Amino acid sequence: MRLPIYIPELPAQKYSCHGCGSCCRDFTVQLTDADMQKLHDQGWKERLGQEYVVKFRGHSWLKQTDAGACVFLGDNGLCKVHAEFGLEAKPLACQFFPFMLSPNTRDTHVGISFACGSVVASKGAPLQTHRDDVRRMGELLPASAPMPVKLQGQLIATDAEVSMVEGALDGWICKKNISPAVRYQGLAWLITSLLQANLANMRGEKLRQLLRTLTNAVEHELPLLDWPEPTPRAWKLLRQAVFTRIEDPKIGDLLKRGKVASVFGQWSRSRKWAAGKGMTPKTQGFCSIDFAGFENTIGVFAIQLNGDVQVQKTAPHISSSHSLAGESAAAITQQQDAVAMDDLLQRWIRATILGGRAWGSGLYGLPIDQGLGLMLVNLLTALWLARFHAAGRGAQSVSLLDLQVAVGRVDRTSGRAVWLATTGERLRVKWLSHSDSMRLLVRALV
Ligand code: SF4
């Protein structure tokens, strides 16, 4: 039996493919046996005059050119398989992107990847208009036993409990009249509280009460907490998290370099990221800059007013009551960017939670608490990377484009990169939450 499709109601989130081809240049596509058969039957070896599959670590992948693009990407920026045989002739992963389907016992949640430029910029049609396409994708999913969502450890969550967590966090993220700084510090506090709680004693109604208490208390609690600077260890773990999300060597490069040289190169770069001293190691798609340079780059929502980080919820040029007198054009642009950046982060977090990508089958089978911890580390990583981009272009503040690139980069690995499901990553989340470092890092970065 096919599960019903659940597309979250996210009116602010739009998407249509604009054919930029960046997913065809960015991703290395793993092929299923059915994909292999389909491409073979289409006769691509003869058409291309070359092999189009590469074997790596026991799996089959679409071959890439020396420049890193899919071998099927034409000079006109279009997919040759699609152009010749239509959408359904393409490998499954290419047909689905940027939609990401996460079946559980109740339904199939539909998430969307912010690695797509149209998604990150919210360009195109409302998500609900893609229902027929997504339903067809659901029918193509290989049949497997439904994966129950776990609450914490091995505790199976009820459908009602999953909805409670979704509703509580979504309600907080959508809360009006709070600054972005409070919104994201509060999110970190809420998730850390869930990670630190013993949820075995908080089932059903008790969980509902706990979530209600936490979401009601968060705004009043934040000012009462201690806010020391994050420790050097917290920064080190965050830099390691950044490294695990941006290191993405191409299969062709790995094969050329050989296993030993590749592993050594990766180990050496990982150590340099952890140390955080001197110049950042050269990583594909990133410039090399002095780690110390970040100290001078102000936060993502960086309009400093009386020592507080604030942002207007209404762009000044459309607010009739707001006087522009005395404000420079640069400050106005910064405010407009800040509004758009808050919108981007809200869309990203909401689409991740409501689209089923924050736990369960959408995130390595992780229980809700750990999955939310990993999502928070993704948020921290994106905030850090946005600063990195700003510093790399010599700017003193983060722009919308810096954050868009950072979110896109981080989201391309989430739920996809197997190394984010390892014990090392879980221990990182555990240490950052139990040391209360998540909210301190959020504060330092926003
Ligand atoms: S990145 Fe998005 S907009 Fe660009 S080709 Fe891929 S799906 Fe289309």
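Values quoted throughout were computed directly from the atomic coordinates according to the rules given, and no laboratory measurement underlies them. What you are looking at is a predicted structure, and each value in this text was computed from that prediction instead of being measured. For neighbour counting, all protein chains shown are included, and Cβ atoms are generated from backbone atoms with ideal geometry for every residue, glycine included.
Taking the Cα centre of each part, how many Å lie between region 218-278 and region 75-147?
Here the answer is 30 Å between Cα centres.
Positive end of the charge dipole of the chain (Lys, Arg +1 and Asp, Glu -1 on Cβ, about the Cα centre): tell me which of Val119, Gln266, His130 has its Cα farthest that way.
Going by the charge dipole, the pick is Gln266.
Please order Asp436, Asp132, Asp35 by the number of other Cβ within 10 Å, starting at the fewest.
If I rank by nearby Cβ atoms, fewest first, I get Asp132, Asp436, Asp35.
Between Ala143 and Met279, what's the calculated FRET efficiency when r is the beta-carbon distance and R0 is 45 Å? Round to 0.05.
Efficiency, rounded to the nearest 0.05: 0.35.
Taking a ≥ b ≥ c as the square roots of the Cα gyration tensor eigenvalues, with a/c under 1.5 meaning rounded and otherwise prolate when a/b beats b/c, else oblate, which class fits region 50-90?
oblate
How high is the relative contact order of the chain, in percent, counting Cα pairs under 8 Å that sit 6 or more residues apart?
22 percent
Do the alpha carbons of any pairs in Lys175/Lys277; Lys150/Lys272; Lys236/Lys282 sit beyond 27 Å of each other, and which pairs?
Lys175/Lys277; Lys150/Lys272
Of Pro142, Pro91, Pro126, which has the largest mean-square fluctuation in a 10 Å C-alpha GNM of the chain?
Result for the chain, Cα springs under 10 Å: Pro142 fluctuates most.
Which shape class applies to region 229-445: rounded if a/c is under 1.5, otherwise prolate when a/b exceeds b/c and oblate if not, where a ≥ b ≥ c are the square roots of the Cα gyration tensor eigenvalues?
It is prolate, given that a/c is not under 1.5 and a/b is the larger ratio.
Using r as the Cβ-Cβ distance of Lys236 and Cys174, and R0 as 25 Å, what FRET efficiency do you calculate, to the nearest 0.05?
0.15
Please identify the helices of the chain, taking whole runs of DSSP H, that span at least 15 Å along their own axis as judged from the Cα atoms and have a mean Kyte-Doolittle score of -1.0 or higher.
159-173, 180-196, 205-221, 232-246, 259-275, 329-354, 368-392, 400-411, 423-434
Could you give the length gained by full extension between Trp419 and Ala125, i.e. 0.36 nm per residue of separation minus their alpha carbon distance, to one decimal place?
Extra length available between Trp419 and Ala125 comes to 102.5 nm.
From the Cα gyration tensor of region 121-256, with a ≥ b ≥ c the square roots of its eigenvalues, which class applies: rounded if a/c is under 1.5, or else prolate if a/b is larger than b/c, or else oblate?
Oblate, since a/c reaches 1.5 and b/c is not below a/b.
Among the trypsin sites (Lys or Arg not before Pro) within region 40-135, which fall in a DSSP loop and have no more than 12 other Cβ atoms within 10 Å of their own Cβ?
Within region 40-135, the qualifying trypsin sites (Lys or Arg not before Pro) (loop, at most 12 other Cβ atoms within 10 Å) are Arg57.
Pairs of lysine in region 5-140 with Cα under 16 Å and at least 8 positions apart or on different chains: total?
Close lysine pairs under the 16 Å cut-off: 12.
Cut-off 10 angstrom, C-alpha nodes, Gaussian network model of the chain. Which of Phe243, Phe85, Phe388 fluctuates the most?
Residue with maximal mean-square fluctuation among Phe243, Phe85, Phe388: Phe85.
Summing -39500 (n - 2.57) over the DSSP H runs of n ≥ 4 in the chain and dividing by its residue number, what mean residue ellipticity at 222 nm do you reach, to the nearest 500 deg cm²/dmol?
So the helix-based figure for the chain works out to -15000 deg cm²/dmol.
I need the GluC sites (Glu not before Pro) found in region 46-101, filtered to DSSP loop residues with at most 13 other beta carbons within 10 Å of theirs.
Those satisfying the criteria are Glu51.
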